[in-house]
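Would you mind keeping the following structure in view while I ask a few things?
Please treat every number below as a calculation from the coordinates, not as lab data. Here the structure is a predicted model, which means the values were calculated and not measured. So basically every Cβ, Gly included, is an ideal-geometry build from the backbone, and we count neighbours across all protein chains shown.
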Amino acid sequence: MTKVQAIVKVMQQNGGSATLQQIYENSGRFYRGVKRAEDWKAGLRGVLYREINKGRTFKKIDSGTYGLIQPAFQLRKDASNSRKAARLSAMKS
């Protein structure tokens, strides 16, 4: 699971949004290695801000509170599954 997917899971469990504190406290349940780095909180924020700046997966709701952009996440998930299927098909050939 990626950091993006872990943040998505945290938000889904909180009704579609989460504070930074909730993301920090709960992301380790989905991404076990998240706290390995000394600056792990900055890493999570970086992933969150990158996705927001690119207009995908997350949106800023309020100061310190973020939410899911449902259609964007679903499209990315579907695209990822299509790439996996294509790779598996190519390997079988």
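Restricting the search to region 16-30, which residues are loosely packed, with under 14 Cβ neighbours inside 10 Å and out of contact with any Gly (no Cβ under 9 Å at 6 or more places or on another chain)?
Glu25, Arg29
Still on this model: What is the residue count in region 25-68 for residues that are in contact with a strand residue (DSSP E or B) (Cβ under 7 Å, 6 or more places away or on another chain), of a type in the set (A, V, I, L, M, F, W, C) and assigned to a helix (DSSP H, G or I)?
Count: 2.
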